[in-house]
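Beneath this line is the structure, given in structure tokens, with notes to follow.
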Amino acid sequence: MPRYCFRLQVRSEHLAEYRRRHREVWPEMLEALRDTGWRNYSLFLGEDGLLIGYVEADSLAEAQAAMAGTDVNRRWQAEMGQYFVDLEGAPPDEGFRLLPEVFNLEEQLGRRADDAV
């Protein structure tokens, strides 16, 4: 399963509200994420506003496109946009920066096991 990691920057004055909003994500948003292929999706927020997201999906581009076609996502992104810096006019779910994977434990252990055979 492909894994994706991304980052965004939450405005420092909105950290508490951002955390609160994510304790109470709309049920229809949760269902839409699940139904469009977002799996094992987590967000991590530092005290400095650095937001790191992790998601597994068959294709992130396809999962994003499927979410973009939902009304609940349009409403959620419109409300969430105010919390971020440096989106350059994009909604948060399109304005994040993907981080390349540089290490994966299972992958390297698997290669070692294959080499030992």
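Just so you know, all these numbers are worked out from the coordinates, no wet-lab data involved. None of the values given here were measured: they were computed from a predicted structure. Cβ placement follows ideal geometry from the backbone for every residue including glycine, while neighbour counts extend to all protein chains displayed.
By how many nm would the segment from SER59 to ARG34 lengthen if fully extended, with 0.36 nm per residue of separation less the alpha-carbon distance?
Length difference between fully extended and current span is 7.6 nm.
Given axes a ≥ b ≥ c from the Cα gyration tensor, I'd like to know whether region 62-104 is rounded (a/c under 1.5), prolate (a/b larger than b/c) or oblate.
oblate
Using a basic spin-label model with each label point 7 Å from the Cα along Cα→Cβ, how many nm lie between GLN108 and ARG7?
So the two model labels end up 2.0 nm from each other.
From a point 7 Å beyond the Cα of LEU99 in the direction of its Cβ, which residues of region 23-60 have a backbone N at a distance under 16 Å?
Under 16 Å, as judged by backbone N against the label point of LEU99, lie 41-56 of region 23-60.
For the chain, what is the relative contact order in percent, using Cα pairs closer than 8 Å and at least 6 residues apart in sequence?
For the chain, the relative contact order is 38 percent.
Take ALA16 and VAL72, extend 7 Å from each Cα along the Cα→Cβ direction, and tell me the distance between the two endpoints in nm.
About 2.9 nm separates the two model spin labels.
Which value in Å does the Kirkwood hydrodynamic radius of the chain take, with 1/r averaged over all unlike C-alpha pairs and then inverted?
15.6
Hand me the chymotrypsin sites (Phe, Trp or Tyr not before Pro) from region 5-108 located in a DSSP loop with no more than 11 other Cβ atoms within 10 Å, in residue order please.
Answer by residue number: PHE103.
Using only helices, what value at 222 nm comes out for the chain when you add -39,500 (n - 2.57) per DSSP H run of length 4 or more and divide by the total residues, to the nearest 500 deg cm²/dmol?
-12500 deg cm²/dmol
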